[in-house]
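This report refers to the structure that appears directly beneath it.
The values are calculated or read from the model by the stated rules, or taken from the named source; none is laboratory data. None of these values were measured; they are calculated from a predicted model. Methodologically, a virtual Cβ is constructed for each residue, glycine included, from the backbone with ideal geometry; neighbour enumeration extends over all protein chains shown.
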Amino acid sequence: MRSAPLLLVLCACVTVRAPSTERVEVTPARLARGAYLATAVTECVGCHSPRDWSFSLAPVRAGTEGSGGEASDARMKFPGSVVPSNITGDGETGVGNASDGELRRAMQEGIGLDGRVMAWDRYAQMTTEDLGAIYEYLRSLPPLPGPPAK
Ligand code: HEC
């Protein structure tokens, strides 16, 4: 009987809150900032895209930006296997149907991410404005099929 209150407290702690319904407005300035942040600062596109290994430094394959990256697995002596998912605007396998709130929850709280390869905790301190700009940019990418989020 004494453990009942403790159990209630534990249950309350592991409850996952619903994603917010807030959405940033799409503007050309936000798209430009999102492109800059996602490609030059946070490396979203660098990880979440196929690479062209026939060039020095294996750049992202032009025209495939955000469609899913290369697996980290035993070939790289990585324990297990994680694949950066499709983050283009594709509604089926990408983030086209994900709300700002769901994407922000993944980035700020790691909910939905099952591995530690994507260091979401480094992005958790980003502002709602910057994360919103990144999502608007990702949704604007040509919708390509690719590995879906798990
Ligand atoms: C170091 C590589 C890397 C970087 C950089 C990276 N990701 Fe990821 N991301 C991953 C991997 C790997 C997964 C697959 C989930 C997992 O196991 O962590 C993933 C999963 C996701 C998912 C799916 C979440 C879900 O619900 O499963 C989204 C959305 C996402 N990333 C967005 C982003 C955004 C936005 C950025 C930039 C701010 C970013 N990623 C930067 C590697 C990366």
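Below, the figures for the structure above:
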{"read-out": "Filtered residues of region 39-95 (kept if within 22 Å of P142 (Cα to Cα) and of a type in the set (D, E))", "value": "E43, D52, E65, E70, D90, E92"}
{"read-out": "Check on G89, of a type outside the set (S, T, Y) and near the ligand (Cβ under 9 Å from one of its atoms)", "value": "no"}
{"read-out": "Residue satisfying all of: in region 105-123; touching a Gly at 6+ places or on another chain (Cβ under 8 Å) and within 11 Å of the ligand (Cβ to nearest atom); farthest from R23 (Cα to Cα) among these", "value": "G115"}
{"read-out": "Test for G69: is it over 25 Å from V16 (Cα atoms), modelled with pLDDT of 90 or more, more than 9 Å from the ligand (Cβ to nearest atom) and in a loop (DSSP other than H, G, I, E, B)", "value": "no"}
{"read-out": "Qualifying positions in region 86-123 - part of a helix (DSSP H, G or I) and among the charged types (D, E, K, R)", "value": "D100, E102, R104, R105, E109, D121, R122"}
{"read-out": "Close pairs from region 65-91: first of a type in the set (A, V, I, L, M, F, W, C), partner not in a loop (DSSP other than H, G, I, E, B), Cβ under 6 Å, at least 6 apart", "value": "F78/S72; V82/S72; I87/L138"}
{"read-out": "In region 33-66, residue nearest to A124 (Cα to Cα) [restricted to those that are small (G, A, S) and within 16 Å of the ligand (Cβ to nearest atom)]", "value": "A38"}
{"read-out": "Among (1) part of a helix (DSSP H, G or I); (2) within 9 Å of the ligand (Cβ to nearest atom); (3) over 12 Å from the mean Cα position of the chain (by Cα) - the single one M126 does not satisfy", "value": "(1)"}
{"read-out": "Residues of region 72-85 that turn out to be assigned to a loop (DSSP other than H, G, I, E, B), more than 9 Å from the ligand (Cβ to nearest atom) and either surrounded by 14 or more Cβ atoms within 10 Å (Cβ to Cβ) or among the hydrophobic types (A, V, I, L, M, F, W, C) (or both), as a count", "value": "1"}
